[in-house]
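These notes are about the structure you will find just below.
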Amino acid sequence: AEANTVSAAHQLDPTKYVRITEKQGAKHKVLFVGNSITRHMPLPSIGWTGDWGMAASCEEKDYVHQTVRLLEEKLGEPVDFCVAQLAEWERRYREGAAPLEEFYIPARDFAADIVIIRIGENINRDADREVPCEPFYEEMVKFFVTDPDAQVIVTDNFWNIPQLNVQFEAAAKKNGWTFVKIGDLEKDEKTMAKGLFWHEGVAAHPSDYGMLKIAERLAGAVNKIVK
């Protein structure tokens, strides 16, 4: 769980924190809120050349695009989606809503009917002990939920961090959000891109297989909702 040595700073150009993909005939809108596992710009200094979920071999293989594909297969129709990269919030959450108002209004205005929060690995654990993140986390999730009927799905951490997982699960319970566990995936070496990247922090991120496993759990949770 300590293997994430990819810096939480400068994972994306601030002008790209939000990316919206709209398709003809889509009825559902899915918002993905995340960190480098969701999207990280190219950073040659650590051997990462993609501009999608870190350690996936291509954009289509990251968990965002695999979740969208699984949902579209299930629904038999296209899905609009928005990616909000929130590593900046993970670093600055104790400042309150500042980074949210500053960068993420377009993601909020996207007005998703399915909101997926897949975040937490960059939260400083010592800082969290001083100021627990749960109230800030709750405020952040609610910032993105503009449709009162939206279904909200939150996950624990890919690298198991019990201290944070407990808080995320409590926030989910309190607000009636769906809590999806992915922290057990780390036990299976195949879920990480070890041996595929020289930088151990990049290699600790989910492989294509790991991304698929995350996507299957998220799509499974959404499918119950869509039915």
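The condition of being under 17 Å from residue 12 (Cα atoms) and more than 17 Å from the chain's Cα centre (by Cα) holds for only one of 121, 102, that being 102. Of all the residues in segment 46-64, those that are touching a strand residue (DSSP E or B) at 6+ places or on another chain (Cβ under 9 Å) and in contact (Cβ under 8 Å) with a residue 24 or more places away in the chain number 9. Exactly one residue out of 178, 146 is more than 19 Å from residue 39 (Cβ to Cβ), hydroxyl-bearing (Ser, Thr, Tyr) and over 16 Å from the mean Cα position of the chain (by Cα): that is 146.
Would you confirm whether any residue within segment 164-177 is touching a residue at least 60 places away in the same chain (Cβ under 8 Å) and assigned to a helix (DSSP H, G or I)? Checked against the condition, which is being touching a residue at least 60 places away in the same chain (Cβ under 8 Å) and assigned to a helix (DSSP H, G or I), segment 164-177 yields no hits at all.
With a requirement of 2 or more residues that are open to solvent by 60 Å² or more (accessible area, probe 1.4 Å), the helices (runs of 4 or more DSSP H) lying completely within segment 55-106 that satisfy it span 63-75, 98-103. The residues in segment 169-227 that are under 17 Å from residue 40 (Cα atoms), open to solvent by less than 50 Å² (accessible area, probe 1.4 Å) and of a type in the set (D, E, K, R) can be counted, and the count is 1.
The values are calculated or read from the model by the stated rules, or taken from the named source; none is laboratory data. Not measured: the values here are computed from a predicted model. Cβ coordinates were reconstructed from backbone atoms using ideal geometry, including for glycine residues, and neighbour counts include every protein chain displayed. The accessibility values were calculated without ligands, DNA or RNA, using every heavy atom of the protein model including side chains. Shrake-Rupley method; radii C 1.70, N 1.55, O 1.52, S 1.80 Å.
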